[in-house]
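The values are calculated or read from the model by the stated rules, or taken from the named source; none is laboratory data. These numbers were taken from a predicted model, which means no experiment stands behind them. Ideal geometry is used to build each Cβ from the backbone, glycine not excepted, and the neighbour counts take in all protein chains shown. Surface areas here come from the heavy atoms of the whole protein model, side chains and all, with no ligands, DNA or RNA. Shrake-Rupley method; radii C 1.70, N 1.55, O 1.52, S 1.80 Å.
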Amino acid sequence: MAVYIAREATKLWRKVCAEIAVELQLLFEKWRLLLAGLVFQYIHGLAARGVHYLHRPGPLLQDLGFMALPELGQDKGYVSESVFTFIFLSFLLWSFHPFIYHSKRFYTVLLWRRVLAFLVASQFLRIITFYSTQLPGPNYHCREGSKMATLPPPHNVLEVLLINFPRGVLFGCGDLIFSSHMIFTLVFVRTYHKYGSKRLIKILAWLMAIIQSLLIIASRKHYSVDVVVAWYTVNLVIFFIDNKLQEMPDRTNGSSLLPVTAKDKDGRTKEELHKLLNGNTVDSTDRRQRVQMNGKHGEDINHTLSDATPNGT
């Protein structure tokens, strides 16, 4: 039993190392776009912090969702956040499963490059939208009488740039249309729907997105319009950008982005590296047979050349 565990652990470690080598090669090529996407996440947070200075509390707007859904209450606001955290972490773990699992359909670096493109485009539209018109926030800390509903003018630039993380993110006001939580949720669900392999999980993912939408409204964190606009805007953004971007290679058919003559530092060829990526070990006997065949082939060529050479030369 111990020998079996040790052998399987060795195979897993080789597979992880081989996958890391391939992903690092892609990361060195695509790091600029990935870094730009991550930087824009900070810019999006900075914009949301800035609109809080412009927010002015007022009476709640008439909302059909508020009429239809019972209010969860301030003490149960964590419910929607818990669902969102579950969706976020589940997608994050799934995006790195090629490092461990035998079945692989995508490269993690290329997947997150695509995801960040969807997020940046949606968040850019969101920033334009919530700066165009500031609505009175429906959340409890954004209502009239709350000390956090308005922010005093900043004392210095650093106070704005630090965005009071994480409190400034959790207790922001004014960044309503459209929901940032729904941007992440829909991008993750749409991405898994395309590149995931489990039909049941796809159905559950869409069901979780619907539940998340209802919980956001029931928690009074957004108006219904914020959620509705997110549903059609994010889906349209993904549709258009997905058609513009080059499709990722499908790894289920054995395709690879490695060059044909690629060898690692141990001298492994592309074929051997593919075996490691797929969880198969490279048999040393195969390698010896390949060397012997190459040697025999070389001898046959030498004999042929010597026979073809005229005497006396």
Please report the spacing between the Cα centers of the range 53-83 and the range 105-130 in Å, no decimals.
27
For TYR42, what accessible area in Å² do you get when you roll a 1.4 Å probe over the heavy atoms of the protein chains, rounding to the nearest 10?
100
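Sort MET248, MET67, MET182 by accessible area with a 1.4 Å probe, largest first.
Values: MET248 20, MET67 125, MET182 0 Å².
Ranked from most to least accessible, the order is MET67, MET248, MET182.
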If THR133, THR191 are ordered by their accessible area, calculated over protein heavy atoms with a 1.4 Å probe, which sequence runs from highest to lowest?
THR133, THR191
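Starting from the Cα gyration tensor of the range 1-243, take the square roots of the eigenvalues, sort them a ≥ b ≥ c, and report rounded, prolate or oblate (rounded when a/c is under 1.5, otherwise prolate if a/b is larger than b/c, else oblate).
Prolate is the answer for the range 1-243, as a/c is 1.5 or above and a/b outweighs b/c.
Compare PHE96, PHE171, PHE118 by solvent-accessible area with a 1.4 Å probe and give them largest first, with all protein chains kept in place. Could the numbers behind the result be given before it?
Details: PHE96 95, PHE171 75, PHE118 10 Å².
Ranking PHE96, PHE171, PHE118 by accessible area, largest first, yields PHE96, PHE171, PHE118.
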Pull up all non-local amide H partners of ASN139: gap of 5 or more, or a different chain, and H-to-H distance under 5 Å with H placed in the peptide plane.
none
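Classify the range 18-73: rounded, prolate or oblate, from the alpha-carbon gyration tensor (a ≥ b ≥ c, eigenvalue square roots; a/c under 1.5 rounded; otherwise prolate if a/b is larger than b/c)? The partial results should precede the final answer.
Numbers: a/c = 5.48, a/b = 2.26, b/c = 2.43.
It comes out oblate by the Cα gyration axes.
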Among VAL22, MET148, GLY172, the residue whose Cα sits farthest towards the positive end of the charge dipole of the range 1-243, when +1 is placed on the Cβ of each Lys and Arg and -1 on the Cβ of each Asp and Glu, is VAL22
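May I ask you to give the solvent-accessible area per residue for the range 1-243, in square angstrom, as obtained with a 1.4 angstrom probe? Walk me through the numbers on the way to the answer.
On the way: 13210 Å² over 243 residues.
Each residue of the range 1-243 exposes 54 Å² on average to a 1.4 Å probe.
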Quick one: accessible surface of ARG220, probe radius 1.4 Å, all protein chains present, in square angstrom to the nearest 10.
10
Semi-axes of the equivalent ellipsoid for the range 55-187, please: Cα gyration tensor eigenvalues, times 5, square-rooted, ordered largest first, whole Å.
33, 20, 15
With the crude spin-label approximation of a point 7 Å out along Cα→Cβ, what separation in nm comes out for LYS30 versus LEU92?
1.9
For the range 30-127, restrict the atom set to alpha-carbon positions and state the Rg and Dmax in Å.
18.4, 55
Expected field for PHE124, accessible surface area in Å² at 1.4 Å probe radius, rounded to 10, holds 110
